[in-house]
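Since the structure comes first, as structure tokens, the remarks are kept for the end.
Readers should treat all values here as calculations from the given coordinates under stated rules, not as data from a laboratory. Since the structure is predicted, the reported quantities are computational estimates derived from the model, not experimental observations. Because the Cβ atoms are built from the backbone with ideal geometry, glycine has one as well, and the counts that use them run over all protein chains shown.
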């Protein structure tokens, strides 16, 4: 039970730090982080094989296709000791290593520099192939936005991963249903996502992306399965803006800024809204 409480608390920490860092930057992607906070916490505080050394060759890799959610990842990397916590206070400032998108050349613990969406899975496939050639044992976790499914390069990479039977590639789709311009399926329909990935030769699972119990159980099981001969896609059903009610499913908050007064109200909303282990808000 303490493990579950830790994962929930760390997800709450991600949301609160996101608000604080965007106060520094004066603009940012609140709702994009809020939909994947539990995915972040589950991976970094339970599932992934990592160490104090961000360059450890056998570490699990994490690549984030939706790089605009970096503001939620940076607090975790600092908490893990990959760089000084004080760096967070310089977020997006001149000469800061921490920008609006992650840069692996500047930020220890970042495995992939992402900006324009659609490239993460290709890079993840390359890392998995490289690890196989070097006989290294690690998994590659790639988090994708559902709007990212509209990128052709994603499907080229999916085809390649299946062709090479890269069972250590695990794609996690943050299926919050929204992108910059509105609802994903209004912009360019991507359903049925699961059937598409299966047709490309992937094993597919669906899970409540805010349920840390379900996420942990599924990710542990997928990671431990050494009999699978194909890559795995996990469709995490999430709510964009989860934790702050007026942001939820409101595309206008894909990029925005809260006044100091509204930021404090959002903090209180997050503190007063417990996303419990069953994925329900109360």
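Over the chain, the Kirkwood radius and the radius of gyration, each from Cα atoms, give a ratio Rg/Rh of 0.94. Here the residues 155, 202, ranked from fewest to most Cβ neighbours within 10 Å of their Cβ, fall in the order 155, 202. What shape does segment 119-178 have by the C-alpha gyration tensor, where a ≥ b ≥ c are the square roots of the eigenvalues, rounded means a/c under 1.5, and otherwise prolate means a/b greater than b/c and oblate the rest? Cα axes put segment 119-178 in the prolate bin.
For the pair residue 181/residue 206, report the inter-label distance in nm, with labels modelled 7 Å from Cα in the Cβ direction. Here the modelled spin labels are 2.6 nm apart.
Secondary structure note: in the chain, about 15% of the DSSP beta bridges are antiparallel. Please determine, in degrees from 0 to 90 and to the nearest 10, the orientation of helix 120-133 with respect to the longest principal axis defined by the Cα atoms of the chain, where the helix direction is its Cα long axis. Between the helix axis and the principal axis of the chain, the angle is about 40 degrees.
The average projected area of segment 1-159, computed from the convex hull of its Cα atoms over all directions, is 9.6 nm². Axis angle, to the nearest 10 degrees, between helix 260-272 and the longest C-alpha principal axis of the chain: 60 degrees.
Compared with the dominant principal axis of the Cα atoms in the chain, helix 70-79 is inclined by about 90°.
Cα gyration tensor of segment 77-125, axes a ≥ b ≥ c as square roots of the eigenvalues: rounded (a/c below 1.5), prolate (a/b > b/c) or oblate? Cα axes put segment 77-125 in the oblate bin.
Highest mean first, the peptides 257-265, 18-26 sorted by other C-beta atoms within 10 Å per residue fall in the order 18-26, 257-265.
Can you tell me which of 17, 248, 86 moves the most in a GNM of the chain? Springs connect C-alpha atoms under 10 Å apart. Largest GNM mean-square fluctuation: 86. The order of 2, 66, going from fewest to most other C-beta atoms within 10 Å of their C-beta, is 2, 66. Each 5 Å bin from zero holds the following percent of Cα-Cα pairs in segment 204-243: 6, 22, 29, 21, 13, 6, 3, 1.
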